[in-house]
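The values are calculated or read from the model by the stated rules, or taken from the named source; none is laboratory data. Bear in mind that the values here come from a model prediction, so they are computed numbers and not experimental data. As a convention, Cβ positions derive from the backbone with ideal geometry for all residues, glycine included, and neighbour counts pool all protein chains shown. Surface areas here come from the heavy atoms of the whole protein model, side chains and all, with no ligands, DNA or RNA. Shrake-Rupley method; radii C 1.70, N 1.55, O 1.52, S 1.80 Å.
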Amino acid sequence: MTAPRNDVGSPHTIISIATAFWKSKVLLSAVELGVFAELSEQPRTGEELCELLGIKGRGAPDFLNSLVSLGMLERRDGLYHNSPVAGEYLNPNKPATDVSGYLAFLNSGFGWWSRITEGLRSGDRLDFSGALAESGGGDGGTAGDGTLVEADANSDTFGEAFATPDQVTGFVRAMTGYSMGANQAIATAFDWKPVRTVVDVGCSEGALLAQVLGAHEHLHGIGFDLPAVNARFTTHLGQAGITGRADFAGGDFFTDPLPTGDVIVMGHVLHDWNLDIKQMLIRKAYDALPSGGSLLIYESLIDDDRRTNTTSMLTSLNVSLVSAGGLGYTGAECRGWLTEAGFRDITVSHLDGPEYMVVGVK
C-alpha cells in the first residue's frame, strides 16, 4: 500500500521561513564582530580571524562557513576572503558604497522584534531609544528594547536619532546603507540630462546626491535636512569627490519651505508619517517646483494587490510598530496623492530589489 500523495509541499518550506532569522543574525553579528572589515585588509585563516576578533567556541567554524554558504565570504586554500558583494558593500574603506551602518543599526534593534506580538496587541509604538544609544543611530524603522509608548501621530519620530553627535553619525550612516541600491539605480534610471538642480529632501549625509552628481557632472545639488546633519553631509560629499556642486540647506520640512529645484527627491521619507503629513509634504514639493519640474519619490513600495512584495510589507509593519504614525504604501496610493496635489504624467517604475520610483511632473 502506497502512502497518499502529498501535494501541499514540504514542511521545510515553513521551517525555512521560521529559521530565516538565523541567517540574518549571523550576518549582523559578523558586521558587529568586524569580520568584513578585517578581511578588507587581507585574507585570514579561520584561526587568525577568531584570534583577532575574539571569537571562541566550537561553533566558530560553523559561523564562518555559514557566511561562506550565504555568499558573504569565500574560502580558498584555507583562507577566508570577502566575497565580491561583501567587498563592495561591507567595506569601511569604501564609504561611498558601504552599507554596514544600516546592518549595525538593524543588529542593535534585533531584540525588540521578539516583542512584535505585544506591539500588535497593544497598537502602540515601540520605543527605539535603546537601539539608538547602542548603535549611535537609528531611523523610523528601528527600535530599542521593545518598550511600548503611547502612539501619537504628531510626536517626533526622529528626536532620539539626533540626541548626540555620535547618534547623528550612526543615523546617517544607516540611511546611506538603507538607500544605497535605490540611489545607484536612480543615477541611471531617471533622465537627468535636462535637469540643472536637484533637491534631496531628508538628504541625511547626501548619499543620493553623491551617486547622482557623481554620474552627471552638469548637475548641482541641494541637500535639505535638520541642521545637525550638516557636518556629515559635507564630509560624505567630500569623500565622494563632489566639491563645489552641492550645498546643504538646514531646515525642518514641517515648518520651513522646501528649496526650489528642477527635481525634488523624497527617498524613504513618506513612509515615516501618517497620511495627512504624507499629503502635506507632497503639496509642499509641488509648491517649491517650477512648472515642468518633477517630484521623484523612491520607496520600498507594497504591490497594489498586497500579495507579493514581502520585504515592503515587512518594512511597513516595522515602521508601524516604531514610528508615531508611519506606514508603507502602494504605487497606486502614491499615484493618487500626487494626482490630488496637481501632478501629471505620473509613472511608477522599478529600481532595485524592493525599491520603486514614483515620478510626477508639475
Number of the condition not met by ALA285 [criteria: (1) out of contact with any Leu (no Cβ under 7 Å at 6 or more places or on another chain); (2) crowded, with 21+ Cβ neighbours inside 10 Å; (3) small (Gly, Ala, Ser)]: (1)
Anything in the range 313-343 that is modelled with pLDDT of 95 or more, under 18 Å from the mean Cα position of the chain (by Cα) and small (Gly, Ala, Ser)? List them, or say none. GLY328
Long-range neighbours under 8 Å by Cβ, at least six apart or interchain, first residue without any contact (Cβ under 8 Å) to a residue 40 or more places away in the chain and closer than 17 Å to LEU27 by Cα within the range 50-78, second assigned to a loop (DSSP other than H, G, I, E, B) and open to solvent by 40 Å² or more (accessible area, probe 1.4 Å): CYS50/LYS56
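If we only count helices (runs of 4 or more DSSP H) wholly inside the range 1-118, which ones have 3 or more residues that are touching a Ser or Thr at 6+ places or on another chain (Cβ under 6 Å)?
On the way: elements: 11-18, 20-33, 35-39, 46-53, 60-69, 84-89, 100-108.
Filter on the range 1-118 gives 100-108.
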If THR255 satisfies all but one of (1) part of a loop (DSSP other than H, G, I, E, B); (2) surrounded by fewer than 23 Cβ atoms within 10 Å (Cβ to Cβ); (3) in contact with a Gly (Cβ under 9 Å, 6 or more places away or on another chain), what's the number of the condition it fails? (3)
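Right, THR315: buried (at least 19 other Cβ atoms within 10 Å of the Cβ) and β-branched (Val, Ile, Thr) or not? Quick ask: steps written out before the conclusion?
Details: buried (at least 19 other Cβ atoms within 10 Å of the Cβ): yes; β-branched (Val, Ile, Thr): yes.
So THR315 fits the description; yes.
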Report yes if THR234 is without any contact (Cβ under 8 Å) to a residue 12 or more places away in the chain and more than 16 Å from SER179 (Cβ to Cβ), otherwise no. no
The conditions are (1) within 19 Å of LYS23 (Cα to Cα); (2) in contact with a Phe, Trp or Tyr (Cβ under 6 Å, 6 or more places away or on another chain), and ILE55 fails exactly one of them. Which is it? (2)
Condition broken by THR13, with the remaining ones in (1) modelled with pLDDT under 95; (2) open to solvent by less than 40 Å² (accessible area, probe 1.4 Å); (3) out of contact with any strand residue (DSSP E or B) (no Cβ under 8 Å at 6 or more places or on another chain) satisfied: (2)
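Based on what the data block shows, is THR243 more than 24 Å from LYS278 (Cα to Cα) and without any contact (Cβ under 8 Å) to a residue 24 or more places away in the chain? Reasoning before the result, please.
Numbers: more than 24 Å from LYS278 (Cα to Cα): yes; without any contact (Cβ under 8 Å) to a residue 24 or more places away in the chain: yes.
In short, yes.
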